[in-house]
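Worksheet: the structure to be examined is printed underneath.
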Amino acid sequence: MTDIAPVLRGRWSPRSYDPIQTISPDDVSLLLEAARWAPSAMNRQPWRFIVGIRGDQTRSRLEPFVTGHSDWALDAAALVVNICESDERGIGFYDLGDAVAHMSIQAEEMGLHVRQFGSFDQQGLAAEFGIEAPFVPITMTAIGVPPAGVGPGVRERVDVDQLLWI
Ligand SMILES: Cc1cc2nc3c(=O)[nH]c(=O)nc-3n(C[C@H](O)[C@H](O)[C@H](O)COP(=O)(O)O)c2cc1C
């Protein structure tokens, strides 16, 4: 791990966030700009986002759908819904993941941390924001900084030789 790019080395996904820290609209614009420049099949750019920052109205509408196992995310300065324009082949899901990866690395570069999560009320959120087929809310992202003194802990990965098919 020591040889990979510092921004990748420093990335980890907090499961608790500072409940006071805020993110500015300019920061949000930068995060969206990073996602915007992700590659996608045939340059379809099949991603859309809903961003709620602490204190704004969108955030209040999002919070009821961040349920149960994901209540840790409610302390994050920003909540993002990652929406895919789905297609028969499913490549849009792949592209959305790439855009979210771009946003995550941009956040890291800005001194923020990100945890994506799939555990939220997908149907309820789609109804609240009028998200209809072919658009689907796939994941959410919590963005902020962890509370003082909270670090990554033990992070595990399979060995590199297990990544190679042959
Ligand atoms: C698509 C996706 C869905 C995830 N869903 C959840 C989730 O529902 N709850 C959660 O606590 N973490 C979730 N995570 C975070 C992963 O558990 C985390 O990235 C993984 O354990 C590796 O940790 P690291 O990011 O710190 O390296 C999700 C991550 C991704 C990419």
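The values are calculated or read from the model by the stated rules, or taken from the named source; none is laboratory data. Since this is a predicted model, take the numbers as computed values, not measurements. With ideal geometry, Cβ positions are generated from the backbone for all residues, glycine too; neighbour counts draw on all protein chains shown. We work out accessible area using only protein heavy atoms, side chains counted, and drop any ligands, DNA or RNA first. Shrake-Rupley method; radii C 1.70, N 1.55, O 1.52, S 1.80 Å.
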Every listed condition ((1) open to solvent by 10 Å² or more (accessible area, probe 1.4 Å); (2) within 15 Å of the ligand (Cβ to nearest atom)) holds for VAL80 save (1)
Give the residues of region 122-140 that are outside any helix (DSSP H, G or I), over 21 Å from ARG44 (Cβ atoms) and within 12 Å of the ligand (Cβ to nearest atom), sorted by residue number. MET140
Give the residue, chosen from ALA107, ALA101, that is in a helix (DSSP H, G or I), at pLDDT 95 or above and closer than 26 Å to GLY130 by Cα. ALA101
Only one of ASP71, ASP26 is at negative phi, within 16 Å of the ligand (Cβ to nearest atom) and part of a helix (DSSP H, G or I), namely ASP71
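To keep it simple, each residue is scored yes or no on (1) touching a residue at least 12 places away in the same chain (Cβ under 8 Å); (2) within 24 Å of VAL136 (Cβ to Cβ); (3) in contact with a helix residue (DSSP H, G or I) (Cβ under 7 Å, 6 or more places away or on another chain); (4) of a type in the set (A, V, I, L, M, F, W, C).
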| site | (1), (2), (3), (4) |
| --- | --- |
| ALA5 | no, no, no, yes |
| GLY10 | yes, no, yes, no |
| PRO14 | yes, no, no, no |
| ILE23 | yes, no, no, yes |
| ASP26 | no, no, no, no |
| LEU30 | yes, no, yes, yes |
| ALA34 | yes, yes, yes, yes |
| ALA38 | yes, yes, yes, yes |
| GLN45 | yes, yes, no, no |
(1) within 16 Å of the ligand (Cβ to nearest atom); (2) open to solvent by 80 Å² or more (accessible area, probe 1.4 Å); (3) part of a loop (DSSP other than H, G, I, E, B): which one isn't true of ILE20, the others all being true? (1)
For region 145-163, give me each residue that is open to solvent by less than 90 Å² (accessible area, probe 1.4 Å), more than 14 Å from the ligand (Cβ to nearest atom) and either hydrophobic (A, V, I, L, M, F, W, C) or in contact with a helix residue (DSSP H, G or I) (Cβ under 7 Å, 6 or more places away or on another chain) (or both). VAL145
Candidates LEU164, LEU96 - the one that is over 17 Å from VAL51 (Cβ atoms) and among the hydrophobic types (A, V, I, L, M, F, W, C): LEU164
Name the residue, out of ILE143, ILE166, that is over 15 Å from the mean Cα position of the chain (by Cα) and either assigned to a strand (DSSP E or B) or at pLDDT below 95 (or both). ILE166
